[in-house]
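> Below is one structure. I have some questions about it.
The values are calculated or read from the model by the stated rules, or taken from the named source; none is laboratory data. Everything numeric here is computed off the predicted structure, so don't read it as measured data. Because the Cβ atoms are built from the backbone with ideal geometry, glycine has one as well, and the counts that use them run over all protein chains shown. When the accessible area is computed, the model is the full protein with side chains, heavy atoms only, and any ligands, DNA or RNA have been set aside. Shrake-Rupley method; radii C 1.70, N 1.55, O 1.52, S 1.80 Å.
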Amino acid sequence: MVLSAALFLCVGAAAQSGASVKAKPSDARAIHDSAIIVDTHADTPQRFLDEGFDLGTVTHDGHVDLDKIRRGNLAAEFFSIWVEPRFKGQYAHRALDLIDSVYEQARRHPDRMTMAFSADDIVRAHQQHKFAALLGIEGGHAIENDIRLPRDFYRLGVRYMRPSLSLIQI
């Protein structure tokens, strides 16, 4: 947020001063390629688990795969652990299965992907030219009213939990 505000102020000041900002596509690409890009939401674990999708499979339907990740310089992804309403009574179990599905992708592709649990892990993976996978739970219903489960999910690598998600059917 601070970076966005600073960038906005710099661009705004340049525009008001009459200065011309001429960015070349090669400049933008160089900046992108030098950055550590982190995407904070992918619903892909449902595909891993329910469809047997493998990140190593090249897709042509717009979905993420390891080749697109490399070409786009995506350093890390927070895979969303979201349990659909149809799993009522088994939310925690389904969340564990989704977490396992992400670990399974890292196991299948150890030369291209690794699990990450901190910013340092993301940087280390980037230096090793590996994609870093992180986990976040979308919807507190996954803990099924058990205050101990967030601790257990954290031990499994979950680094955030969004407590609410609009699910009218729950």
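> Anything in the stretch 34-77 that is assigned to a strand (DSSP E or B), among the small types (Gly, Ala, Ser) and open to solvent by 30 Å² or more (accessible area, probe 1.4 Å)? List them, or say none.
Hits for the stretch 34-77: nothing passes.
> Out of (1) within 17 Å of Pro163 (Cα to Cα); (2) within 13 Å of the chain's Cα centre (by Cα); (3) modelled with pLDDT under 95, the odd one out for Val64 is which?
So Val64 meets the others, but not (1).
> If a residue must be within 14 Å of the chain's Cα centre (by Cα) and β-branched (Val, Ile, Thr), how many such residues does the stretch 27-61 contain?
The qualifying residues number 5.
> I would also like to ask the following. Just one of (1) of a type in the set (S, T, N, Q); (2) open to solvent by 20 Å² or more (accessible area, probe 1.4 Å); (3) touching a Phe, Trp or Tyr at 6+ places or on another chain (Cβ under 6 Å) trips up Ser101, so point out which.
Evaluating Ser101 over (1) of a type in the set (S, T, N, Q); (2) open to solvent by 20 Å² or more (accessible area, probe 1.4 Å); (3) touching a Phe, Trp or Tyr at 6+ places or on another chain (Cβ under 6 Å) leaves (2) as the failure.
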